[in-house]
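We did not get these values from a lab; they are worked out from the coordinates using the rules stated. Just so it is clear, the structure is predicted and the values come from calculations on it, not from any experiment.
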Ligand SMILES: Nc1nc2c(ncn2[C@@H]2O[C@H](COP(=O)(O)OP(=O)(O)OP(=O)(O)O)[C@@H](O)[C@H]2O)c(=O)[nH]1
Ligand SMILES: [Mg+2]
């Protein structure tokens, strides 16, 4: 009885924290995404972002973001577009280096993550197949099997972001879904997967993307419990 009361107390007084992995090939925009989120959302110690914040696109453009070799970590307080929904959620992001030689490190994080964001450079058509193969490797990695009763397949939601839509050479969502990634969409039919068009630099589609992800993280809660902080 005491344990039940204590766990209910924890659930109602603490914030839920979900861990999200940001993956994708090098130069996709992963670190730019994390830096932009840090400008848009408060940290767990802040109450709210100041009203009339400066143009985040300009701030991001002025930052010198280098290719990631290790990892970048940041935690934000999630604020849904609909303010009545999900008022008690923190998101902790791990942004990992996407260069080929660094991708073998990714699987170490799979067990601790509640969701994956996979970012694609929509102008880099020559590497779309590499994106497909990389996603297949992620979803079929054996690290998933231990917690999945021998079923070695990803058990967390995946949000694919078709980034750099601000550039004229970017491939649009319909062409990606019906052309380049048609195999991917059918291969991952059973996965909780969404492909959204974004411009991380210009803050297009970022809030919508997080709203989708958070809804799916909460939906998947019984399968993968959040941490309480
Ligand atoms: N035009 C445009 N450029 C972008 C956008 N997002 C990111 N970039 C650029 O893409 C380049 C790579 O961005 P990063 O954030 O360093 O990419 P990354 O995925 O972290 O790369 P690695 O750390 O090597 O894995 C930078 O020059 C960014 O300014 C976007 O929405 N539009
Ligand atoms: Mg990076």
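For a test of the definition: using alpha carbon positions, the gyration tensor, and the 1.5 limit on a/c, classify segment 17-99 as rounded, prolate or oblate.
Because a/c hits 1.5 or more and a/b fails to exceed b/c, segment 17-99 counts as oblate.
Quote the relative contact order of the chain in percent (integer), defining contacts as alpha-carbon pairs under 8 Å separated by 6+ residues.
Across the chain, relative contact order equals 25 percent.
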> Top mean-square fluctuation among 157, 42, 197, Gaussian network model of the chain, C-alpha springs under 10 Å?
Replying inline: 42
> For segment 55-96, what relative contact order do you get, as a whole percent, if you take Cα pairs closer than 8 Å and at least 6 residues apart?
Replying inline: 41
>> Please state the shape class of the chain: rounded when a/c is under 1.5, otherwise prolate if a/b exceeds b/c and oblate if not, all from the C-alpha gyration tensor.
In response: oblate
>> Please state the shape class of segment 143-199: rounded when a/c is under 1.5, otherwise prolate if a/b exceeds b/c and oblate if not, all from the C-alpha gyration tensor.
In response: prolate
> In whole angstrom, how far apart do the alpha carbon centroids of segment 74-136 and segment 24-72 sit?
Replying inline: 14
>> Can you compute the helix-only [θ] at 222 nm over the chain? Use -39500 (n - 2.57) per DSSP H run of at least 4 residues, normalise by all residues, nearest 500 deg cm²/dmol.
In response: -8000 deg cm²/dmol
